[in-house]
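Okay, so here's the structure we're looking at.
The values are calculated or read from the model by the stated rules, or taken from the named source; none is laboratory data. What you are looking at is a predicted structure, and each value in this text was computed from that prediction instead of being measured. A quick note on method: Cβ atoms are made from the backbone with ideal geometry, for glycine too, and the neighbour counts reach across all protein chains shown.
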Amino acid sequence: MTLSALAHPATTLPDALDGFRVEILAEQHRADIVLDRPPLNVVSMLAREQLRITFEALDADDRVRVIVLRGAGEHFSSGGDIKGFLEASPEKVSALAWNVASPARCSKPVIAVARGYCFGVGFELTLACDFRLAGESALYALPEQKLGQIPGSGGSARLQKMVGITRTKDMVMRSRRITGRQAYDWGVVTECVPDAELPQTVDALVAELCSLSPLAQRTAKKLLNDTEDSPLSIAIELEGHCYSRLRSSDDFREGVTAFHAKRKPHFTGR
């Protein structure tokens, strides 16, 4: 589908997408953003900006509860358009990290699904997502050192938060690749399964997330993102405020009522 089929609240949407497509699966309350530039799903400069707009549009779309970011074919993405870096203006380059961080700013759960190559900006995009599912064929890397560069869209910073400085230096300074299984062992990915099991693993996670309160999920995601760098005392204080606000929500009331009635809750997001 084209972006013009989505209702974005803040900007005019382009008529064509550069190297990716959007699939709305309304019956599953799901939207898939599919990187689709064969054979390696290279992400262009334009695509990064369009991806940001797409995440913002899907965030405002009431049909969608969960967003899935995946690649068509054997690979998630080999990374960015190298030539595009030399041609881009400083203003364009300065916006790269903001565009790539759009999955983290999205209030809805975002699942990244990777098989094969997941390099450079492709890896950075997955690091900005909430859940990362990997096939056993997945290879993760930040190879910018081989170009005389460093990751420029949050890759080394996000990775260091997850795995620490030693492992991050090992990957960034050596352009080292790690497998999906190793990424799971390091805590970079949520699950690593055989490639053939990826579709049903994604479906199961989407269904699980859709069964929960969208209001509680939005609150939890924002709280966790906002308190990642906070002192423990501040994080606990903010958690308490969020907990208090949710106590007055319809979803909390429904959850408690359903628990006592021994039935499944029917959450509305209010």
- Item | Which numbered condition R247 misses (of (1) closer than 30 Å to C118 by Cα; (2) exposed (fewer than 12 other Cβ atoms within 10 Å of the Cβ); (3) basic (K, R)) | (1)
- Could you identify the single residue in G180, G187, G148, G135 that is among the small types (G, A, S) and at pLDDT below 95? G148
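K221 - would you say it is surrounded by fewer than 16 Cβ atoms within 10 Å (Cβ to Cβ) and touching a residue at least 12 places away in the same chain (Cβ under 8 Å)?
So K221 fails the test.
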- Identify the residue in region 58-89 that is at pLDDT below 95, among the small types (G, A, S) and in contact with a helix residue (DSSP H, G or I) (Cβ under 9 Å, 6 or more places away or on another chain) and, among all such residues, is nearest to D195 (Cα to Cα). G80
- Task: Go through the residues of region 134-141 one by one and say whether even a single one is of a type in the set (F, W, Y) and in contact with a Pro (Cβ under 9 Å, 6 or more places away or on another chain).
- Result: no
